[in-house]
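Everything on this sheet refers to the single structure shown next.
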Amino acid sequence: MSTMILSVPDMNCTSCIAKIENAFQAQAAMSVSVNLADKQVIINEEIDIEKAKSIIQSVGYVSEQVLDAKRATKEKSELEQSQYHKQMWQAFIGLGVGIPLMLWGLFGGEMQISDPSDQFIWGAVGVLTLVLMVTTGAHFYQGMWRALKAKSANMDSLIALGTGAAWFYSMLVVLMPQWFPFDTRHVYFEASVMILGLINLGHALELRARGKTSEAVQSLLGLQASTAIRITDSGDEEVEIAELVLGDRIRLKPGGRVALDGEVLEGQSLLNESMLTGEPVPVNKEAGDSVSAGTVNGNGSLIYRVSSGVDDTRLAKIIELVQQAQTSKMPIGRLTDQISAYFVPVVIVIALLSAGIWYFAGPAPQLSHALVVLTSVLIIACPCALGLATPMSIMVSVGRAAKMGVLIRNGEALQTASKVSCVVLDKTGTLTQGKPTATDFTLIDQAEDELQLLLHIASLEQASEHPLASAIIDKASAAGLTLLEPEVFTNHQGMGIVGTMAVSTSSVKAVSSDYAIGNRALMDKLQIDGVNDINDLTSSWAEMAKTPVYVAKGGRLVALIAISDPLHEGVKEAVSALKADGMRVVLLSGDNEKTVQAVAKQVGIDEINAQVLPEEKQQHVTRLQAEGEVVAMVGDGINDAPALVSADVGIAIGSGTEIAIESADLTLLSHQLMTLASTFKLAKAGMRNIKQNLFGAFIYNTLGIPVAAGVLFPLTGMLLSPVIAGGAMALSSLTVVTNANRLCHQKLD
């Protein structure tokens with residue numbers, strides 16, 4: 001199922017979101033995601049593009065399909081830049097005329113119509129004001145007209161009605177002053193242009209600040225190469241990546257960017273994968289290794305084979321996931337959606353009722369007071385800040401997490417992550433590298449030749465299927481040894497191997513030696529001498545989570561090999577950071593208890609559960625939840641799947657594979673476990689930010705409307721000016737956007 005994205009430039013408040021969502025539910029019985037911050041509608045169900053556009057048009061909005069994310073982002077950036085300059089110019093014009101008119105009234109200038117000369121002067125001002133309103137506010141009036149045709153109302157409706165009412169009343173006073181009592185012949189032309197100027201200024205500044213929230217996706221999109229050097233029978237050719245097909249061979253030059261995911265065929269080089277994984281150290285790539293689109297080559301040269309299409313690369317899936325997460329909703333934001341569906345119509349009713357009360361029961365001049373109240377309530381009630389409160393914070397949080405190498409699946413996962421009290425860590429592949437390594441090679445019989453002995457041991461182990469065998473073979477390969485074929489080989493299930501190797505001397509196959517390589521049980525079975533003499537050494541290894549491999553030759557112990565699964569860098573510091581934040585940290589592993597205890601001791605974990613089967617991990621997570629913990633389970637995203645699904649927050653670490661990205665709530669693209677602690681801090685900071693935004697927006701609208709309606713008039717004798725209401729409305733949206741962008745610089749260490 002493909003995702004359809006539609007750009008809706010005219011969306012500007014929560015009522016817009018509610019109308020579009022309700023329209024799709026009513027006309028197509030489907031749910032859609034609406035991103036107010038990016039002004040996009042995301043559809044994850046099958047629907048004809050024309051029908052989708054028609055549904056959006058039915059509620060008063062024009063839409064266009066987004067086909068190329070990279071191009072759309074560039075066009076959006078260019079459009080926003082153009083809109084910013086246009087709105088700044090509109091603000092400058094509106095305020096340039098409105099401020100002098102307002103100052104004229106403040107400093108005692110006559111703003112009442114008392115004779116024909118006043119009619120002429122203010123009539124000219126009224127015409128000029130009308131021209132300015134059309135010039136600087138046409139988009140508001142067009143938006144109201146579209147909403148009216150769709151039998152709905154939006155933020156534009158409030159602005160258009162408020163400024164239109166102020167202008168229409170003033171012009172009627174100029175043209176027909178005899179219709180009004182003398183003390184109500186006041187004109188409000190300055191309010192109309194000042195309000196439009198202030199709102200345009202607020203929108204322009206908001207647009208500029210809002211652009212910062214998309215930086216993460218823009219950075220990821222910027223990683224996508226546009227061309228690649230394809231190797232053909234007739235030579236190299238530079239082609240657009242859209243022309244590449246699976247199996248094409250690509251030449252990657254020094255400093256070049258990988259075009260599409262692939263497998264290295266020739267060459268060796270270091271690739272910088274930091275923008276995808278957050279891992280700062282370049283990764284060595286050679287034949288057989290995979291490369292990811294968007295990563296940057298170092299000084300070497302590679303030839304790789306394309307293994308994925310443009311839309312199927314790891315980078316493309318990450319971008320899609322980040323965009324989906326940024327458009328998702330949180331439970332905390334659903335109250336906003338419920339309110340917004342009825343907000344604008346209710347505000348219009350409140351404005352009319354308030355104006356009616358002032359007209360029929362208020363003090364003189366009733367008509368002027370009624371107009372001021374009507375205009376002020378309509379303007380100050382615009383729910384822009386309410387609509388931006390949650391999505392702006394989600395966008396910044398998810399974007400910053402992506403820059404850290406952490407993919408957050410949706411807003412709900414972000415909210416849950418902020419409440420996590422217990423972190424359950426898998427051992428292999430999470431704390432440890434999941435790759436056994438021979439760390440120690442100790443000769444018990446000093447008469448033995450170390451390299452010769454290692455050669456024979458590794459040669460026998462190459463026939464073994466035991467996971468530890470690869471560690472010994474790797475050690476021999478690192479020493480530059482070429483393995484031999486054993487004469488005799490026998491596997492002892494669960495214990496080790498025995499076999500015979502020919503000893504090379506000056507004469508060919510002069511001597512054959514019998515070996516036994518395995519655990520203590522194999523040594524005891526074969527009654528090998530000298531095993532008890534090294535108990536102190538094996539015990540000290542066990543405390544360091546090292547597994548001993550005994551090597552016997554000719555019936556006597558000659559060497560001991562220590563094999564361990566090394567810890568990932570920074571694991572101890574990460575566990576310490578989680579505990580410092582008040583988290584309960586639990587180690588869960590299928591490994592034997594002694595090894596798990598040793599690893600736990602190394603990293604500072606006090607609570608362990610060892611020898612746990614994959615299906616039992618889920619039971620341990622459920623038990624912790626029953627104890628009242630909000631549990632985050634950290635695993636590799638594959639064999640820990642039941643536990644990851646059962647946890648409140650499932651976190652896949654290290655792989656960044658498709659299965660991990662698709663199944664986990666959060667995915668850590670690198671093995672830098674320190675990002676886990678930072679992610680929980682970011683989630684908490686994001687939730688605080690959202691609550692601040694919602695509190696500010698609710699307080700603004702809750703207090704602003706009654707103040708505009710005149711509840712303070714009996715105490716102060718003053719009504720809120722429509723100009724001040726317009727400025728406050730614009731400032732509230734700008735405050736929300738600015739507050740959300742503080743998350744970009746939030747300290748997480």
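The values are calculated or read from the model by the stated rules, or taken from the named source; none is laboratory data. This is a predicted model, so every value here is computed, not measured. All Cβ positions, even for glycine, are placed from backbone atoms using ideal geometry, and neighbour counts span all protein chains on display. The protein model used for the area step is the full one, side chains on, heavy atoms only, and it has no ligands, DNA or RNA in it. Shrake-Rupley method; radii C 1.70, N 1.55, O 1.52, S 1.80 Å.
Key figures for this structure:
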| quantity | calculated |
| --- | --- |
| Residue among G333, G262 that is modelled with pLDDT under 75, in contact with a Ser or Thr (Cβ under 8 Å, 6 or more places away or on another chain) and of a type in the set (G, A, S) | G333 |
| Top-ranked residue of region 136-179 - restricted to ones that are aromatic (F, W, Y) and either in contact with a Pro (Cβ under 9 Å, 6 or more places away or on another chain) or without any contact (Cβ under 8 Å) to a residue 40 or more places away in the chain (or both), ranked as nearest to Q90 (Cα to Cα) | Y141 |
| Subset of region 529-556 that is more than 24 Å from K594 (Cα to Cα) and either out of contact with any Ser or Thr (no Cβ under 8 Å at 6 or more places or on another chain) or not in a strand (DSSP E or B) (or both) - its residue that is least open to solvent (accessible area, probe 1.4 Å) | A552 |
| Which numbered condition V32 misses (of (1) modelled with pLDDT under 80; (2) open to solvent by less than 30 Å² (accessible area, probe 1.4 Å)) | (1) |
| Selection within region 500-518 - modelled with pLDDT of 85 or more and farther than 15 Å from L455 by Cα | G518 |
| Boolean, N519 is surrounded by 16 or more Cβ atoms within 10 Å (Cβ to Cβ) and out of contact with any helix residue (DSSP H, G or I) (no Cβ under 9 Å at 6 or more places or on another chain) | yes |
| Qualifying residue in region 85-98 (condition: open to solvent by 60 Å² or more (accessible area, probe 1.4 Å) and under 10 Å from V193 (Cα atoms)) | no |
| Of residues in region 290-330 being open to solvent by 50 Å² or more (accessible area, probe 1.4 Å), modelled with pLDDT of 75 or more and assigned to a loop (DSSP other than H, G, I, E, B), the one farthest from A401 (Cα to Cα) | S301 |
| Residue in region 75-94 that is in contact with a strand residue (DSSP E or B) (Cβ under 6 Å, 6 or more places away or on another chain) and at pLDDT below 80 present | no |
| Residue list for region 467-499, filter: part of a helix (DSSP H, G or I) and modelled with pLDDT of 85 or more | A471, I472, I473, D474, K475, A476, S477, A478 |
| Hey, L148 open to solvent by 70 Å² or more (accessible area, probe 1.4 Å), among the aliphatic types (A, V, I, L, M) and in contact with a Ser or Thr (Cβ under 8 Å, 6 or more places away or on another chain) or not | yes |
| Criterion (closer than 29 Å to E412 by Cα and surrounded by 14 or more Cβ atoms within 10 Å (Cβ to Cβ)) met by exactly one of V571, V612 | V571 |
| Spans of strands (runs of 3 or more DSSP E) in region 560-653 with at least 2 residues within 20 Å of K419 (Cβ to Cβ) | 584-588, 631-635, 649-653 |
| Close pairs (6 angstrom Cβ cut-off, 6 or more residues apart or separate chains): within 19 Å of S192 (Cα to Cα) in region 100-128, of a type in the set (D, E) and open to solvent by less than 60 Å² (accessible area, probe 1.4 Å) anywhere | L101/E190; M102/E190 |
| Failed item, numbered, when K427 is tested on (1) more than 24 Å from the chain's Cα centre (by Cα); (2) open to solvent by 30 Å² or more (accessible area, probe 1.4 Å) | (2) |
| Verdict on P706 being at negative phi, at pLDDT below 80 and assigned to a helix (DSSP H, G or I) | no |
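Residue-by-condition table, conditions (1) of a type outside the set (V, I, T); (2) surrounded by 13 or more Cβ atoms within 10 Å (Cβ to Cβ); (3) modelled with pLDDT under 90:
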{"position": "S219", "(1), (2), (3)": "yes, yes, yes"}
{"position": "L223", "(1), (2), (3)": "yes, yes, yes"}
{"position": "S226", "(1), (2), (3)": "yes, no, yes"}
{"position": "E243", "(1), (2), (3)": "yes, no, yes"}
{"position": "I250", "(1), (2), (3)": "no, yes, no"}
{"position": "G256", "(1), (2), (3)": "yes, yes, yes"}
